[in-house]
Structures are given as C-alpha cells and as structure tokens.
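The values are calculated or read from the model by the stated rules, or taken from the named source; none is laboratory data. From a predicted model like this one, the values you see are computed outputs, not experimental measurements. As a convention, Cβ positions derive from the backbone with ideal geometry for all residues, glycine included, and neighbour counts pool all protein chains shown. Just so you know, the surface numbers come from the protein's heavy atoms only, side chains and all, with ligands and any DNA or RNA stripped out. Shrake-Rupley method; radii C 1.70, N 1.55, O 1.52, S 1.80 Å.
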Amino acid sequence: MVSTIEKGDELEDRFHQYLLDQQNSGELVYGAYPPELCKIYRKRRYYCKEREGYVTFDVVVELYRQGGTSPHLCVVFECKNYKGAIPENEITDFSDKVGRIFKHAAKGVVVVSTRLQSGAERIAQKRKIGIVKYNEQGVEIVAERKGGIHIERRYVETQIFRKKNSVKPLKFSAFYDGNYYASVGKFLSNLDPSQIIDRKDAGKKNEISIPYITDDAIKDSTQKILGEITYESGPVELNKVCAILNLNLRISDAVEYDEKGEYILGSANFDRKSIQVYSHNDSNRERFTIAHEVGHFCLNHDQYLRSEFIVERDLTVCDETEESFNYERLEHQANLFASYLVLPEEAFLRKTAEFRMLFGIEDRGHGYIYVDNQPCNYESYNLLLQGLSSYFEVSKQAIEIRFKKNGMLSDQRRLKTNRPRH
C-alpha cells in the first residue's frame, strides 16, 4: 500500500518536472521573467530563525530581477496528493510556515491532484494561499504563445473545486486571490504583476476567442490532404497522411484513464508533433481517433494547445454555433475534420448511391435514406451502414452522424435500442 508521503512525493516529482519542462520550452514565466532569471528547486531548504534550523519545501521557484544576486520573489509549492478535500489545518500550517521563513517575499501555493470541496476556496482566499491542480493526463492550454486563449472562469473553476459540470481535465489550473488561471506563466506572472519585464503590453487583456471555421473550410482542408496522398478510393491511408504532415504516429497497447476513470483513446503533443493512440479493440474507431488528432494539427490548434487527449465523449461533440464554448469548439472542429478525412465527400456520396441501389433503398417521398422500426427498412439500412463501414473502414456510428450532417437521413425509429454503435 502506497503511503501518503510516497503519494505526495510522486506528485512532487511530476510537478517539479513539469515546471522544468515549461522552463526548457520557453513557456514558464517568460511573460514576466526571462528564463535566466528563474531558478526551480525541489526539496529546497531555508533557514528559520524561530526554529534555529532549516525548513524544507517541496518545490520552489525563485524569481530574480536583472542583475540581482538574491531572489526578488519565491513561489513556494506544497504538494498534497489527497483523494478528497485538504483539511483546513494543512493550509493554515503551510501559510504560517511560509510567513515565518519569507515574511513578505514569498507566495505559498498548495498543489493537489484532485478537485477540492468548495470550502477550500474561502480558506485559500482568506490566507492568500494559491491552489494549483496538476493532472499529468490533462489538456495543456497555451496562454503566452501566439496571442493566447480565452478560457471561461467557470471552466477553470470546475477543475479545482467540485462542481456538477462534467468537463475535460486541464493539465494545469490554478486559483489565487479570487482569480483562476489555465497556465503556469499566466499564474506566476500575476503573483507579481509589477515586475513584468516587457511592459508594452502591460494592462492589456491578452485573450482571444477560438475563431469559428465553416464546414466548407474544414472540408477544403481535408480535400487538400487527400490530393497530396493521391486518394482515389477505399479506406484513406492515415499512415501516409501522417507521413506527409511529418507527424510521428504511435500505436500503444497501454491502458490510460483520465481522473474520472474514462478510458483515454489517444493523445497529441503539438511541440513534438506526435500522436499516440491506445488500442481500442476496434480498428475502425481507432482510425477515427487518429483522424481526430490529425485534425487538431491541420486546423492549427497548436495556437491554443500544447497537448491534448481524447476520450469517447469527445467524439460526440458534433454541433457548433457562434456561441460555442471555446474548448468544445476545438473538439467539434477536429471531429468534423476527421469525418471529412476518413469519409471523403465525393467517394462517400458515390458509394452511398451505389449501396442504396444494391440494397433496394429508394426515395419514396420520405427521404433519401429512410429508416423506421419495420424489419425490411431497418435491415436494408443496416446493410447500407455495414457496406460503407467495410469499404471506408469507419464505424457505423461515424457514418450515421455523417448522414445526419448531410441531411441524407430520415430516422423515424421510435425505439432507439437497435441503433448501431460500431
């Protein structure tokens, strides 16, 4: 059985490495401090006059002014790998310890791996203690590169405190003094906003919304790729697509879960230009996952994300309006791209027409493709789905979604238990 200390050390190791990776990639606190002015430590010891001895902190980021030999500000992280809420005394004790050592030259931050009860919000705000949630499998938002991303407060808030909303976990989220942050750089720079080196953008909101992309624009982007691989018929060769785009595609038998216990189908790392797909036990669905991740790259989602992962519910995001929530918009765009890539429009319409004729499906005034609970209609419809699924190597569910998107399907089934899933 893993002890609480061992679990805390594990979180500490991962979070410390995460900060180092951010620093090495030029994405840590450089909106406020150049990398040479930041030092990141694990198990950093400081002398306490009251105790007449040294006190060790889990992770510390020391921030220096240009030309300075001593840190201007220390951000002190205490890692708590608890399943539930952090007890109030843990926050107050940590706050007292930081105050004894640093007086006014430090900010205390508690790092957790799961969401907390809402009462922790009041304690942290009263004590001026930050709360950071770190999830190794989460989505990583880029907020200091290429303009930034607008993440609504309610979304980040649900990452840290227990809410009823079901949202995909972020890799990093933070709460301090009533504000929420989705990136390390944004969080640390706001701890000491008076010391921003580059002041030309000081006071300006560095937030943009993810732009709306029309269906035709997404379709055109897939047509360009299909032209580059000289696609003619049959299943699209996704390995060739990845090769042309210089994407490193890896298929893994590993089993990974997010913090809600949902199976992770795949992930993308935009800095490394890599896609990893975990075994689905269904090659057709596996192909759609690959196409979804390719879509993130082709639609320039690296402007907003450094990494992301996909779970099954992401594949059901199939509607978008001008008011869509920003992150949902990214998932919708990737799904639409995947649909047009694995089901090329011209070939899809041609083969649908061929299979309709083969299985005797006609438009008798009820729609181009009509299905209800009558065995003759349902069986013909299922044969149509099966034929297209085999030809394109795509799930029946993806084909049905495409039918609806194109306005080709009139579904009058009253009992939904027979709907195809694969």
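Considering only protein heavy atoms, what per residue accessible area in square angstrom results for the range 215-322 with a 1.4 angstrom probe?
46
Please calculate the 1.4 Å probe accessible area of Phe297, with all protein chains present, and give it to the nearest 10 Å².
Approximately 30 Å² for this residue.
If we count every other residue with Cβ under 14 angstrom of Leu191's Cβ, Lys/Arg +1 and Asp/Glu -1, where does the sum land?
0
Please report how far the C-alpha centroid of the range 331-399 lies from that of the range 103-138, rounded to the nearest whole angstrom.
That distance is 50 Å.
What does the charge add up to near Pro169, with Lys and Arg as +1, Asp and Glu as -1, over the other residues with Cβ less than 12 Å from its Cβ?
Summing Lys and Arg as +1 and Asp and Glu as -1 gives -1.
May I ask you to give the solvent-accessible area per residue for the range 337-378, in square angstrom, as obtained with a 1.4 angstrom probe?
51
Can you give me the distance in nm between label points at Asp220 and Asn281, each placed 7 Å from the Cα along the Cα-to-Cβ direction?
Roughly 4.3 nm, to one decimal.
Just how much of Ser395 is accessible, in Å², when a 1.4 Å probe is used and the result is rounded to the nearest 10?
10
Could you please report the charge total around Arg42, scoring K, R as +1 and D, E as -1 over all other residues with beta-carbon less than 14 angstrom from its beta-carbon?
-3
At a 10 angstrom cut-off on C-beta neighbours, averaged per residue, how do the peptides 251-261, 86-96 rank from highest to lowest?
Listed from highest to lowest mean packing, they are 86-96, 251-261.
Quick one: with all protein chains in place, what share of the accessible area of the range 242-346 is carbon or sulfur, to the nearest percent (1.4 Å probe)?
42
Between Ala254 and Glu50, what length comes free when the chain is fully extended (0.36 nm per residue of separation minus the Cα-Cα distance, one decimal in nm)?
68.4 nm
Give me the percent of DSSP beta bridges within the range 221-308 that run antiparallel, rounded to the nearest 5.
60
Once you've got the Cα coordinates, tell me which of Lys224/Lys396; Lys260/Lys405; Lys186/Lys260; Lys168/Lys396; Lys80/Lys107; Lys128/Lys260 are over 21 Å apart.
Where the Cα-Cα span goes over 21 Å, the pairs concerned are Lys224/Lys396; Lys260/Lys405; Lys186/Lys260; Lys168/Lys396; Lys128/Lys260.
With each label point set 7 Å from Cα along the Cα-Cβ vector, what nm distance links Gln303 and Tyr378?
It is 4.7 nm.
Given a Förster distance of 51 Å, report the FRET efficiency between Lys128 and Arg313 from their Cβ-Cβ distance, rounded to the nearest 0.05.
In this case the efficiency is close to 0.85.
Report in % the part of the accessible area of the range 349-420 that belongs to carbon and sulfur, leaving out ligands and nucleic acids; probe 1.4 Å.
Answer for the range 349-420: carbon and sulfur cover 52 percent of the accessible area.
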